[in-house]
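The values are calculated or read from the model by the stated rules, or taken from the named source; none is laboratory data. Remember, predicted model here, so these are calculated numbers, not experimental data. FYI the Cβ positions are ideal-geometry reconstructions off the backbone, even for glycines, and counts take in every protein chain you see.
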Amino acid sequence: MHSKNSVYKKEYWIAKGSDKLLAYYTGPPLRDSLDAGDIKAFLKEYGALGAMWNYDHDYCDNGPWYRCICDTVGYDESKIESKNARHNLHRGLKRCAVREVDYSLLAEHAYPVYLKAASRFKNFKIESKEQFRRQLQSYAGDPHRTAFGVFVDETLVAYVILFICEKTVFGDIAHFDPAFANAYPMYALYYTIARHYLGMGYKEFDRGTRPLLHKTNVDDFLLRLGYRLSYCRLGLYFTWPIRVLLGMARICRRAYMLVLPSRYCVILDGLLLAQDIARASDMKLPKVNKDITP
């Protein structure tokens, strides 16, 4: 149905939470939003119920939706303005070893890190060890995927899964063991990745977009490390049954908060927030009338 070079190549889309919501994540940047008719056909083809995508990157200096990226030319410690962040980074680089790892190693040794990281999040759906292993092993041999691990005395304490598309490196999933927080493994990890790939000539490292389901301070931490927020617009499409469901949920939020398990309440709240952000970010900025003089 779609041309080989279109934005609808399956490898450009990832499942968000389940295979029923697809996100355009690892494809070339979009200048304009996607056509609703094309999205509808795409979802039908894959049996999904919704899709989200980012477009019009850096369209303004502030807004409700953003990517957290590092694209500083010559990125190194001198680009980090925060004295405290530099101190933490030095400690992390001294205590931790950051290196590229293969997926077979992660499949066998990363599950304890995943479990301990997941314990920090409320209503997080934890995968079984076998599901975890199968997912990581499925990435093996993919030329667009790689991973980095952080080690303290040869113990794996953190890792990140990366996806490479053209000149952008995307951070897909990152977890760390909170027991090793004083070693500052994430400082060492995110600094090393950004410096490594920008030094190789890549355009940017994209940590990801604003979180919808879980509160996290990861972007505040990365801003101190010299990253920046790239404000973009959020495109969103749901099939009509989901639109009806969300319309009812918006009206009856107090009721569903009382009767539904907390995990499903979090999901509904996240989808409603996404709707609000998509509507707000789609608002056009006022144009300057060049015929009016002050």
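Couple of notes before you dig in:
- Residue match in the stretch 257-277 (condition: touching a Ser or Thr at 6+ places or on another chain (Cβ under 8 Å) and modelled with pLDDT of 90 or more): no
- Cβ separations smaller than 8 Å between residues 6+ apart or across chains give no pair from the stretch 1-28 residues that are within 22 Å of Tyr66 (Cβ to Cβ) and assigned to a helix (DSSP H, G or I) to residues that are modelled with pLDDT of 85 or more and of a type in the set (Asp, Glu).
- Residues of the stretch 139-162 classified as among the aromatic types (Phe, Trp, Tyr), under 26 Å from Ala183 (Cα atoms) and touching a Lys or Arg at 6+ places or on another chain (Cβ under 8 Å), total: 2
- Considering residues of the stretch 112-132 that are over 18 Å from the mean Cα position of the chain (by Cα) and closer than 14 Å to Ile161 by Cβ only, the residue surrounded by the most Cβ atoms within 10 Å (Cβ to Cβ): Val113
- Each residue in the stretch 154-166 was checked for being within 20 Å of Ala15 (Cβ to Cβ) and at pLDDT below 90, and 1 pass.
- Scanning the stretch 163-217 for residues that are under 12 Å from Phe148 (Cα atoms), touching a Phe, Trp or Tyr at 6+ places or on another chain (Cβ under 8 Å) and β-branched (Val, Ile, Thr) yields Thr192, Ile193.
- Subset of the stretch 278-294 (residues that are at pLDDT below 90 and among the basic types (Lys, Arg)): Lys284, Lys287, Lys290
- First in the stretch 90-102 and under 11 Å from Val152 (Cβ atoms) and in a loop (DSSP other than H, G, I, E, B), second anywhere and among the aliphatic types (A, V, I, L, M) and at pLDDT 95 or above, Cβ under 7 Å, 6 or more apart: Cys96/Val150; Cys96/Val152; Cys96/Ala183; Cys96/Ala188
- Test: Val160 is buried (at least 20 other Cβ atoms within 10 Å of the Cβ) and either in contact (Cβ under 8 Å) with a residue 12 or more places away in the chain or aromatic (Phe, Trp, Tyr) (or both): yes
- 2 or more residues under 30 Å from Glu154 (Cα atoms): qualifying helices (runs of 4 or more DSSP H) within the stretch 177-292: 185-199, 218-224
- Residue in the stretch 130-153 that is in a loop (DSSP other than H, G, I, E, B) and modelled with pLDDT of 90 or more present: yes
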